[in-house]
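Report on the following structure.
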Amino acid sequence: MNRSTKETKNLFNEWAQTYDRDLENASGPLLGYEASLALSKELLTIKENAKLLDIGIGTGAFASLLSREDTKVWGVDLSEKMIDECQNKHHEYRLEVGTFNEPNVDTSFDYIVSSFCFHEVLPNERLNALNVSFDLLEKNGKLFMLDIMFASQQAMDDGKKAIGEYWDPTEDYPIISELDVMLRDTGFENVRWFQTGPYHWAVLAEKI
Ligand SMILES: C[S@@+](CC[C@H](N)C(=O)[O-])C[C@H]1O[C@@H](n2cnc3c(N)ncnc32)[C@H](O)[C@@H]1O
């Protein structure tokens, strides 16, 4: 990862106002963004009156797609400008500046969800980020993460070749086998993987 957390925050603060429009024609590693979100909805059914936290909520696309009318939604994001955009669209969401490692919330959740954000967590902070999420979940709570990920180093090398000039060398995408081990080490069970796009995977894991 060649980008500091401060640089990531600046990047998304600058991108916030045009983010939704730009993602209508997603390319590079984000190719198939909308289809991956839509497929995710098939993979996770939210129970009645649930408390859901979206980490890296951005402008709110994932939380609004997954949640039901009676879902109580919290969201955190590193970028205050993304939070502003999200709050303008979703007045009822409880939003704070916060991160995977320091979420800045004072309650526990039935679901923690996250889309296209976990790869922004610095590799040496990923295990801690999963531990923090585990602690924030209620018993029988579920973690559901969608992101740019690769099944193996070979798959990542192939993706890099296919994406060409749109490959972002400042990012460090997770490799599934490594993340799978981290999730199990954290204490998650029933870890299940789903490929949702050419470069996208979703993982569903439970705190039993
Ligand atoms: C590619 S956007 C995805 C936004 C939204 N989830 C979506 O699917 O459209 C990544 C988001 O994660 C936020 N972010 C980056 N690093 C983060 C971290 N460590 N913790 C929480 N949010 C982070 C960014 O500010 C940005 O809003």
Q) Using 0.36 nm per residue, how much length does the chain from Ser108 to Glu138 gain when fully extended, once their Cα-Cα distance is taken away? A) 10.2 nm
Q | Residues in region 82-97 that a label on Asp22 would reach, taking backbone N under 16 Å of a point 7 Å out along Cα→Cβ | A | 82-86
Q) Tell me, what % of the accessible area of the chain is carbon and sulfur with a 1.4 angstrom probe? A) 47 percent
Q.
So, R0 is 30 Å and r is the distance between the beta-carbons of Ala155 and Asn49; what FRET efficiency does that work out to, to 0.05?
A. 0.15
**Q.** Residues with amide H under 5 Å from that of Gly141, placed H, sequence gap 5 or more
**A.** Lys207
Q) If you stretched the chain out fully between His91 and Asn13, how much longer would it get, using 0.36 nm times the residue separation minus the C-alpha to C-alpha distance? A) 26.1 nm
Q. For Tyr166 and Ala35 in one chain, what is 0.36 nm times their gap in residues minus the Cα-Cα distance, to one decimal in nm?
A. 45.2 nm
Q: Read phi for every residue in region 42-57 and hand back ³J(HN,Hα) as whole Hz from Karplus 6.51 cos²θ - 1.76 cosθ + 1.60, θ = phi - 60°, with x for Gly and Pro.
A: 6, 8, 9, 9, 8, 6, 4, 6, 7, 9, 10, 10, 9, 9, x, 5
(Q) Whole-Hz ³J(HN,Hα) for each residue in region 191-199, computed from phi via Karplus 6.51 cos²θ - 1.76 cosθ + 1.60 with θ = phi - 60°, x for glycine and proline: what do you get? (A) 7, 10, 10, 9, 8, 10, x, x, 10
Q: Report the label-to-label distance for Ser4 and Asp180 in nanometres (one decimal), using points 7 Å from each Cα along the Cα→Cβ vector.
A: 3.6 nm
(Q) When 1/r is averaged over all different Cα pairs and the result inverted, which Kirkwood radius in Å belongs to the chain? (A) 17.1 Å
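Helix-derived [θ] at 222 nm for the chain: sum -39500 (n - 2.57) over DSSP H runs of at least 4, divide by residue count, nearest 500?
Working: 8 runs with 76 residues, N = 208.
Rounded to the nearest 500, it is -10500 deg cm²/dmol.
Near Leu183, within a Cβ-to-Cβ distance under 11 Å, what is the net charge of the other residues, with Lys and Arg +1 and Asp and Glu -1?
Working: positive: Arg126, Arg184, Arg192, Lys207; negative: Glu178, Asp180, Asp185, Glu189, Glu206.
Net local charge, Leu183 excluded: -1.
Please give the per residue accessible area of region 5-206, computed with a probe of 1.4 Å over protein heavy atoms only, in Å².
Working: 9680 Å² over 202 residues.
Per-residue value: 48 Å².
The values are calculated or read from the model by the stated rules, or taken from the named source; none is laboratory data. Keep in mind that what you see is a predicted model, and the values were worked out from it rather than measured. Here Cβ is always computed from backbone atoms with ideal geometry, including for glycine, and neighbour counts include all displayed protein chains. With ligands, DNA and RNA removed, areas are computed over all heavy atoms of the protein, side chains included. Shrake-Rupley method; radii C 1.70, N 1.55, O 1.52, S 1.80 Å.
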